[in-house]
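A short write-up of the structure that comes next.
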Amino acid sequence: MKSGQRPPLEEVLSSKGRVKILKVLAEIGELYVSEISRRTGLNNTVTTRHLVFLVKAGLIAEKRFGKIRIFTFQDLDPGAQAIKKLIDFWESEQP
Amino acid sequence: MGNLPSVFKDESRLSIEYVPSQLPHREKELRLLEIFFASTLENPGGLSQRVQITGGIGTGKTALSKLFGSRVENTARGRGINLRYVHVNCRVNKSLFTILKRVLESLTVPFPQRGYSDEELLHSLLRYFDEKNCFLIIALDELESLIREEGSEPLYALTRVQEERLGLLQRFSLICIVRRPEVFKSLDESTVSTLLHNVIHLDGYSLPQLEDILNYRVQEAFRENAVRSETLRLIADVAGARGDARYAIEILWRAGKYADSEESKAVLPEHARKAAASIYPAVRRESLGYLGLHERLLLLAIARRLKQTEAAYITMGDVEEAYRIVCEEHGKEPRGHTKIWEFLQELEDIGVIVTKISDTGFRGKTTLMGLPEIPAAILEREVTRLLEAGE
């Protein structure tokens, strides 16, 4: 995937782990890696790999504050907005 | 069990955590705080403000600071300024790390709370505030505990961290709340010099002032006509000698409880008398509630030894011996002499024990420990109850 170019939707949504991460970040907004890992039940390496993918896809952003690194859901990105809508719809349908 | 009738309409209005929307007889001080922090609202980030609030127990320091905090947050919001107030009790959060942790939790800052030094965390927090354009007032309540535990370091870090950030906005302001300003004497000069400019001292409340405060709380917490005016006057009289509103409010609450337990429709002077007899200022909920396990064990040891010996004061040696026995009874490893000494200072600070230097009858000079006005048996009972409940 080249930077600045969105990957195909099926690629974004084809991984359970990525969807879990998107759900967590869409709800919370911003978090650090080990907390994302804890909430999704994925290990740190897998979490980091998915985060890198999602950053390149423009759906989340990485921010550094000194030594601390956090990941933020890109609320202003139209693609991220569309995914958030999908998540909200899907979650509201759950019993 | 059906709902029994109660004299209360909302007893949470008498809890220690509750901050009323008005503080009778502290209007001037509230205004003064607002004046000190006016520049924070007019020119956010231009200046890091530091204010000291001093005064005895129950003079309204905490309530004043918290009320100011909620008001300043509201005013800032109205002006589109992201200013937050975080109140930290240093008796509970005794290190810079736990203070920062409390700030992270209060403001839901998405930072890991482990793996970074205090300094790294502090710098990262400032950068995060830069990004969010957020300003923070941290109120450090019962600051004595932090100073005793960590000396000048935390205050130095909090005041100086911003000065190293040349050309950037000042993000933190501090309110330092202490009982006695002398505590600052133990700090190094460069730290003290930044803290001593703006001081608000709260004197104990007078009797009529206490009556006004009680009247206000009665309106908030009790059903109409549930508290007789003579009951209020009696409570004000009891608490008046100390000028301590918290003590007065606790008597009022307990009097209400006695009234309820007797299914009385009104809180009578007799209920207030019973309530006053059941609370000694030194064993109030907030005095003992914050104590750690070993401080409680030590207090139990002192109470027991004083009860057994029927002496007015006991020596440090006696205390240590009794403490070791109590530790053994509770299956805990006793702490060393230096730590015990620190615990004793803390217990004296909150007024639950008194110490004095021996004069005649002792070889050399030794520190003697006693209890202020509370019978040892009652203190023993209260501490045992706390230890058993594990509160």
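Within the range B:146-163, the presence of a residue that is assigned to a strand (DSSP E or B), in the same structural domain as B:ASN82 (by TED's automatic domain parsing), among the hydrophobic types (A, V, I, L, M, F, W, C) and under 27 Å from B:LEU64 (Cβ atoms) is excluded.
In summary, helices (runs of 4 or more DSSP H) completely within the range B:265-350 and bearing 2 or more residues that are of a type in the set (D, E, K, R) and within 19 Å of B:ILE378 (Cα to Cα) occur at B:269-278, B:285-289, B:293-309. Looking only at residues in the range A:62-94 that are touching a Phe, Trp or Tyr at 6+ places or on another chain (Cβ under 8 Å) and more than 14 Å from chain B (Cβ to nearest Cβ), which one is farthest from A:ARG39 (Cα to Cα)? Top of the filtered list is A:ALA80. Of the residues making up the range B:209-218, at least one is over 22 Å from the mean Cα position of the chain (by Cα), surrounded by 19 or more Cβ atoms within 10 Å (Cβ to Cβ), not assigned by TED's automatic domain parsing to the domain that holds B:PHE135 and not hydrophobic (A, V, I, L, M, F, W, C). When B:LEU299 is tested against (1) more than 20 Å from the chain's Cα centre (by Cα); (2) closer than 20 Å to B:SER278 by Cβ, exactly one condition is not met: (1). For the range B:7-26, the criterion of being in a helix (DSSP H, G or I), modelled with pLDDT of 90 or more and farther than 30 Å from B:SER264 by Cβ is met by no residue. Would you call B:ILE53 in contact (Cβ under 8 Å) with a residue 60 or more places away in the chain and touching a strand residue (DSSP E or B) at 6+ places or on another chain (Cβ under 6 Å)? In short, yes. With respect to being assigned to a helix (DSSP H, G or I), surrounded by 17 or more Cβ atoms within 10 Å (Cβ to Cβ), away from chain A (no Cβ under 14 Å) and of a type in the set (Val, Ile, Thr), B:VAL72 fits the description. Among the residues of the range B:130-139, are any among the β-branched types (Val, Ile, Thr), out of contact with any Phe, Trp or Tyr (no Cβ under 7 Å at 6 or more places or on another chain) and more than 12 Å from every other protein chain (Cβ to nearest Cβ)? No - not one qualifying residue is present in the range B:130-139.
Restricting attention to the range B:75-90, the residues being assigned to a loop (DSSP other than H, G, I, E, B) and either surrounded by fewer than 20 Cβ atoms within 10 Å (Cβ to Cβ) or over 19 Å from the mean Cα position of the chain (by Cα) (or both) number 3. For the range B:258-269, filtering for residues that are out of contact with any helix residue (DSSP H, G or I) (no Cβ under 6 Å at 6 or more places or on another chain) and surrounded by 20 or more Cβ atoms within 10 Å (Cβ to Cβ) leaves 0.
Kindly indicate whether any position in the range B:57-66 is of a type in the set (A, V, I, L, M), within 14 Å of chain A (Cβ to nearest Cβ) and part of a loop (DSSP other than H, G, I, E, B). Checked the range B:57-66: no residue is of a type in the set (A, V, I, L, M), within 14 Å of chain A (Cβ to nearest Cβ) and part of a loop (DSSP other than H, G, I, E, B). Against the conditions (1) surrounded by 17 or more Cβ atoms within 10 Å (Cβ to Cβ); (2) modelled with pLDDT under 90; (3) under 22 Å from the mean Cα position of the chain (by Cα), B:ALA241 satisfies every one except (1).
Per the listing A:LEU54, A:LEU25, the residue uniquely away from chain B (no Cβ under 14 Å), at pLDDT 95 or above and under 27 Å from B:PHE129 (Cβ atoms) is A:LEU54. Each residue in the range B:331-376 was checked for being exposed (fewer than 13 other Cβ atoms within 10 Å of the Cβ) and touching a Leu at 6+ places or on another chain (Cβ under 6 Å), and 1 pass. Restricted to the range B:186-208, and to residues there that are assigned to a helix (DSSP H, G or I) and out of contact with any Phe, Trp or Tyr (no Cβ under 8 Å at 6 or more places or on another chain), the residue that is nearest to B:SER39 (Cα to Cα) is B:SER193.
Modelled with pLDDT of 90 or more and among the small types (Gly, Ala, Ser): does that describe B:SER152? Here the answer is no, as B:SER152 does not meet what is asked. Which count do you get for residues in the range B:91-117 that are modelled with pLDDT under 90 and assigned to a helix (DSSP H, G or I)? Residues that pass the stated criteria total 0. The number of residues in the range B:209-241 that are of a type outside the set (S, T, N, Q), touching a residue at least 24 places away in the same chain (Cβ under 8 Å) and assigned to a helix (DSSP H, G or I) comes to 18.
The values are calculated or read from the model by the stated rules, or taken from the named source; none is laboratory data. Note that the structure is a prediction, hence the values are computed from the model and not measured. Every residue, glycine among them, receives a Cβ derived from its backbone with ideal geometry; neighbour counts consider all protein chains shown.
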